[in-house]
Amino acid sequence: MVSGCSIRFLGNNTMELIQRNDQSVSRGGFTLIELIMVICIIGILSTIGYSQVHKWLPDMRLKDAAQDMYGHMQKARLGAVKTNDTWAVVFDKGDNSYSLFSSWGVDNDNEGTVNLGMYKYDIKYGHGAADSSVVGTTDFHDDITYTGNTVVFNPLGTGSAGYIYLENKESDTTYAVGSQTSGVIKIKRWGGGAWQ
């Protein structure tokens, strides 16, 4: 038989030779070259993706820590209003942690402690690359500006004013979480030479 040809029987002992177009022949599967190319492309893309995630992860963990601190300060403020009692968040720079307390000044019931080390990437109190405080002073020595390193909220939801600053060693990003005497709690990020 001739390659690329087929024979058709027409009847009365007559045959016809039909030439096939080789492009119409379907093949199943992939060639080895195609498979190797796909594996190489996947390898290159995963390497690029890993390096980008590796750069992005420390900033994300720092943001998580700042948002959690913001949430705990909100919990203290709302807890003070709800229970008609004084609540506080106490920041411990030496232990790199902070604790939430209800019945502050009376029973000092610890509602929980958060260690900043659980976020990894050496997240700690500090102002990192920030060269001015949130309120605009360039001479800030303390990364926790609350008196006695404690923010206190009273039953009216108002409280002490100040900021805490968070940094990590693998990023130029700094976050500030703080409150005003009115009880408003804010979170700000240092980026591009200014607080945003």
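The sole residue among Leu57, Leu62 that is crowded, with 19+ Cβ neighbours inside 10 Å and not hydroxyl-bearing (Ser, Thr, Tyr) is Leu62.
So how many residues does region 81-112 have that are at positive phi, among the small types (Gly, Ala, Ser) and surrounded by fewer than 13 Cβ atoms within 10 Å (Cβ to Cβ)?
The number of residues fulfilling the criteria is 2.
Look through Thr138, Thr173, Thr147 and report the one residue that is over 18 Å from Met69 (Cα atoms), at pLDDT below 95 and among the β-branched types (Val, Ile, Thr). Before the answer, list the steps.
Details: Thr173 fails: over 18 Å from Met69 (Cα atoms); Thr147 fails: over 18 Å from Met69 (Cα atoms).
Going through Thr138, Thr173, Thr147 in turn, just one is over 18 Å from Met69 (Cα atoms), at pLDDT below 95 and among the β-branched types (Val, Ile, Thr): Thr138.
Pairing residues of region 99-121 that are closer than 16 Å to His72 by Cα with residues that are charged (D, E, K, R) and assigned to a strand (DSSP E or B), at Cβ distances under 7 Å and at least 6 apart in sequence or on separate chains, gives Leu100/Glu111; Phe101/Asp109; Phe101/Glu111; Ser102/Asp109; Ser102/Glu111; Ser103/Asp109; Leu116/Lys124.
Does Gly183 fit the bill of being within 19 Å of Ala66 (Cα to Cα) and part of a loop (DSSP other than H, G, I, E, B)? Criteria met by Gly183.
Could you tell me whether any residue of region 52-67 is over 20 Å from Val184 (Cβ atoms), hydrophobic (A, V, I, L, M, F, W, C) and part of a strand (DSSP E or B)? No; the residues of region 52-67 include none that is over 20 Å from Val184 (Cβ atoms), hydrophobic (A, V, I, L, M, F, W, C) and part of a strand (DSSP E or B).
Could we say that Ile48 is surrounded by fewer than 11 Cβ atoms within 10 Å (Cβ to Cβ) and at pLDDT 85 or above here?
Details: surrounded by fewer than 11 Cβ atoms within 10 Å (Cβ to Cβ): yes; at pLDDT 85 or above: no.
When the stated conditions are applied, Ile48 does not pass them.
When you check Gly191 against the structure, is it buried (at least 17 other Cβ atoms within 10 Å of the Cβ) and either touching a residue at least 24 places away in the same chain (Cβ under 8 Å) or closer than 17 Å to Ser133 by Cβ (or both), yes or no?
no
The values are calculated or read from the model by the stated rules, or taken from the named source; none is laboratory data. Bear in mind the structure is a predicted one, so any value in this text is a computation, not a measurement. So basically every Cβ, Gly included, is an ideal-geometry build from the backbone, and we count neighbours across all protein chains shown.
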